[in-house]
1. When you look at G79, is it assigned by TED's automatic domain parsing to the domain that holds G191, in contact with a Phe, Trp or Tyr (Cβ under 8 Å, 6 or more places away or on another chain) and of a type in the set (G, A, S), yes or no?
2. Within the range 149-182, which residues are within 14 Å of the ligand (Cβ to nearest atom) and part of a loop (DSSP other than H, G, I, E, B)?
3. Within the set of pairs 6+ apart or on separate chains, which have a first residue in the range 131-152 that is over 24 Å from T200 (Cβ atoms) and in contact (Cβ under 8 Å) with a residue 24 or more places away in the chain, a second that is assigned to a loop (DSSP other than H, G, I, E, B) and within 12 Å of the ligand (Cβ to nearest atom), and C-beta atoms under 6 Å apart?
4. Considering only the range 1-111, give the helices (runs of 4 or more DSSP H) lying wholly within it that have at least 2 residues that are exposed (fewer than 14 other Cβ atoms within 10 Å of the Cβ) and of a type in the set (A, V, I, L, M, F, W, C).
Amino acid sequence: MHAMILLGGPGSGKGTAAEMIRKSTDYVHISTGDMLRAAITDGSPIGREAEKYIADGELVPDDVIVRIVDERLDEGGKGDAYIFDGFPRTLSQAELLDRSFEARDGNIRHVFYLKAPNDVLIMRLTGRRICRTCGANYHIVNVPPKQKGVCDVCGGELYRRADDEESTIGHRLDVYEDQTRDLIAYYEKRGVLVPVEASTTPKATMDVIMVTLEACES
Ligand SMILES: [Zn+2]
């Protein structure tokens, strides 16, 4: 059993890259956010525990999140290879996740850290537009709709998320860097960190990741 992790700040394209890898490999995508919501909806023991913290306005503790991951790992999957994006978020989650894999004779093989210069990230984020009706994503330069301001899929109105305004983006990028500094250092020390130049296209980002994976398997 093994896994890869995709890390990267707002606008780095890690979600898109994760989706492309999932489609073209046997890696099973683990979304802690989705699993947490499902556990709460199902009213499973762990879901009920998580719900108490949320009801009290607290963050769900790292060990609860990692136990949800553990349950998923124990279900297994084809190839027993997993991909995480945007998780772990903290050093403590990273340490717990390593223990989970070690306990199952597995490991985190690669941590891809998607990086791009701030001006590229700002251009990506300020250009994002989302459909109010169906949630489809566009970009005014990279993925423009056929008609300005109108969704190709459903004809709905496109809008810009409040936190994609240029004035707040710089702050979001700084916060991300502060929050992930320890995490990056931890994976660097373990020898699994792979910095990936992510300033061009999602396809180019994915190609770099695939080359690394193939080199590891051969
Ligand atoms: Zn739409």
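The values are calculated or read from the model by the stated rules, or taken from the named source; none is laboratory data. Owing to the predicted nature of the structure, the values given are computational and were not obtained by experimental measurement. Cβ atoms come from the backbone with ideal geometry, glycine included; neighbour counts cover every protein chain shown.
1. Values: assigned by TED's automatic domain parsing to the domain that holds G191: yes; in contact with a Phe, Trp or Tyr (Cβ under 8 Å, 6 or more places away or on another chain): yes; of a type in the set (G, A, S): yes.
In short, yes.
2. First, the residues of the range 149-182 that are within 14 Å of the ligand (Cβ to nearest atom): 149-159.
Correct list: G149, C151, D152, V153, C154, G155, G156.
3. Going by the 6 Å Cβ cut-off, the qualifying pairs are C131/C151; C131/G156; R132/G156; T133/C154; T133/G156.
4. Values: elements: 14-24, 32-42, 45-55, 62-75, 91-103.
So the answer is 45-55.
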